[in-house]
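Participant: The structure that follows is given in the form of structure tokens.
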Amino acid sequence: MLHKIIIRLLASCVFDRVRRQYFRDRLFTYYDIFWGHDRSWRERWAAVVAFGRCWLSGRRDITNERTNERTNERTNERTNERTNERTNTIVFLENSDREAGWADRLSRITMLYKTSRTLNWRFRIFFTYPFNLADFLAPNVYDWRISPAEMAAALPAAIIHNTSRFSGDTVEAVVASLAASPTTCGYLFSSGNFAGDRRLFAELFRPSPALQEMLDEQSRQIGGEYVAVGFRFQRLLNDELGEACATAVLPPAERESLIVRCLDHLREIHAENADRRVLLATDSENFRVAAQKLAFVYAAPGEIAHMGMEANGKSVGRKLFLDFFLISRAKKVYIVADGQMRESGFPATAAAMGQVPLAIRRY
């Protein structure tokens, strides 16, 4: 925490307004790679050593030999070494200074993976904050893993792009921009907004063994077919999620009225799906407590928190991916928005990844 405070002070006090974001992105990039979140001293030292060796030797490449031994890329790597060619690599690097949920991050990941396929470049994911992505998701068809040491080895010459400058553009526009960039070994990205792709998601990810065990247990707890219903309250019900949002807290009487209306919406949806239970997905602990009093409602266990929260770490990821995969396996997904409530993108993304019918109910 002290290191992040120092970095923020440097970013806000030393650099001028025009270059502040430019330098802040890089400061957080180096921080995440070398120091990381809940990383062992052995991993941190390995990253420093790899950076020093590559800087002294002049070698700047993301080889990822550990990963390539388990994939068909190893043959291509050897061929490139013999022909003195380099295979460029796009790395999705999670920037801990960004306000975004999993749906936003997933759209960026699949966009960059699609870009790498178009350019015939390698693709890696370095995601260690606010949790280590590899604790919950494992490679499925394509191995996207990369170690902190491999990231550090590429840093002396890697170009750090922030894809927020591509926001709203097509993948083709991103490809054109990258193809025009100078040849280098690593491209590190952090941001952008593109629609997630179910097929690409399936190529990249499957639940880790530990997560799959938890999902199996949740399926047994639900006990049959179910529909999923998403509610996005933000701060309306006086929940503090560590998320920067513009919504104000409703007065007590209005909060109670909104809870009562949303419980009625749950009853209405259950009446349409009488033989199925209702899986609740919400960002409000206050509403979850009220909704679980209904016998037909089930909510996955765990602390409700936004991904931007710093102190939760692994527990945030556990709850997030339990909800995500359970929603993707529902028979139908509903999104409810009443009054000032927002239409949540999280259940919509999960439904798209699972090819589940989606209905939006606005009241």
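Participant: Out of all the residues in the stretch 113-142, which are part of a loop (DSSP other than H, G, I, E, B) and under 17 Å from the mean Cα position of the chain (by Cα)?
Facilitator: Within the stretch 113-142, F127, T128, Y129, P130, F131, N132, F136, N140 qualify.
Participant: Run Y226 past the list (1) over 18 Å from the mean Cα position of the chain (by Cα); (2) modelled with pLDDT of 70 or more; (3) surrounded by fewer than 21 Cβ atoms within 10 Å (Cβ to Cβ); (4) not polar (S, T, N, Q) and report the number of the one that doesn't hold.
Facilitator: Going through the list (1) over 18 Å from the mean Cα position of the chain (by Cα); (2) modelled with pLDDT of 70 or more; (3) surrounded by fewer than 21 Cβ atoms within 10 Å (Cβ to Cβ); (4) not polar (S, T, N, Q), Y226 breaks only (3).
Participant: Given G302, G339, which one is modelled with pLDDT of 80 or more and either within 20 Å of the chain's Cα centre (by Cα) or not assigned by TED's automatic domain parsing to the domain that holds L358 (or both)?
Facilitator: Checking each option against the conditions leaves just G302.
Participant: Give the stretch 273-301 a look and list any residue that's free of Cβ contacts under 8 Å to residues at least 40 places away in the same chain and closer than 17 Å to R318 by Cβ, or say none.
Facilitator: R288, A299, P301
Participant: To continue, here is another question. Of everything in the stretch 270-297, what is among the aromatic types (F, W, Y) and touching a His at 6+ places or on another chain (Cβ under 7 Å)? Give them in sequence order.
Facilitator: If the condition is that a residue be among the aromatic types (F, W, Y) and touching a His at 6+ places or on another chain (Cβ under 7 Å), then F296 is the only one that fits.
Participant: Under 8 Å between Cβ atoms, which residue pairs at least 6 apart in sequence (or on different chains) link something in the stretch 151-164 that is in a loop (DSSP other than H, G, I, E, B) with a partner that is among the aliphatic types (A, V, I, L, M) and modelled with pLDDT under 70?
Facilitator: Within 8 Å, the pairs are A158/I62.
Participant: Answer yes if at least one residue in the stretch 124-134 is at pLDDT 70 or above, in contact with a strand residue (DSSP E or B) (Cβ under 8 Å, 6 or more places away or on another chain), aliphatic (A, V, I, L, M) and surrounded by 20 or more Cβ atoms within 10 Å (Cβ to Cβ), and no otherwise. Walk me through it before giving the result.
Facilitator: Step one: filter the stretch 124-134 for residues at pLDDT 70 or above, giving 124-134.
Then keep just the ones that are in contact with a strand residue (DSSP E or B) (Cβ under 8 Å, 6 or more places away or on another chain); that gives 124-127, 133.
Subset that is aliphatic (A, V, I, L, M): 125, 133.
So of that shortlist, the ones also surrounded by 20 or more Cβ atoms within 10 Å (Cβ to Cβ) come out as 125, 133.
Taking every residue of the stretch 124-134 in turn, at least one turns out to be at pLDDT 70 or above, in contact with a strand residue (DSSP E or B) (Cβ under 8 Å, 6 or more places away or on another chain), aliphatic (A, V, I, L, M) and surrounded by 20 or more Cβ atoms within 10 Å (Cβ to Cβ).
Participant: Are there any strands (runs of 3 or more DSSP E) wholly within the stretch 263-363 with 2 or more residues that are more than 24 Å from R220 (Cα to Cα) and touching a helix residue (DSSP H, G or I) at 6+ places or on another chain (Cβ under 6 Å), and if so which?
Facilitator: Values: elements: 277-282, 333-337, 358-362.
Where strands (runs of 3 or more DSSP E) fall fully within the stretch 263-363 and carry at least 2 residues being more than 24 Å from R220 (Cα to Cα) and touching a helix residue (DSSP H, G or I) at 6+ places or on another chain (Cβ under 6 Å), they are 333-337.
Participant: Tell me which of these F201 doesn't satisfy, since it passes every other one: (1) modelled with pLDDT of 95 or more; (2) assigned to a helix (DSSP H, G or I).
Facilitator: (1)
Participant: With the condition being surrounded by fewer than 19 Cβ atoms within 10 Å (Cβ to Cβ) and modelled with pLDDT of 70 or more, I'd like the helices (runs of 4 or more DSSP H) fully within the stretch 28-109 carrying at least 3 qualifying residues.
Facilitator: Details: elements: 41-57, 65-68, 73-82.
In the stretch 28-109, the matching helices (runs of 4 or more DSSP H) lie at 41-57.
Participant: Taking the conditions exactly as written (at pLDDT 80 or above and within 26 Å of W55 (Cβ to Cβ)), does A149 satisfy them or not?
Facilitator: Criteria met by A149.
The values are calculated or read from the model by the stated rules, or taken from the named source; none is laboratory data. No experiment lies behind these values; they were computed from the predicted model shown. Here the Cβ is made from the backbone with ideal geometry for all residues, glycine too, and neighbour counts use every protein chain on show.
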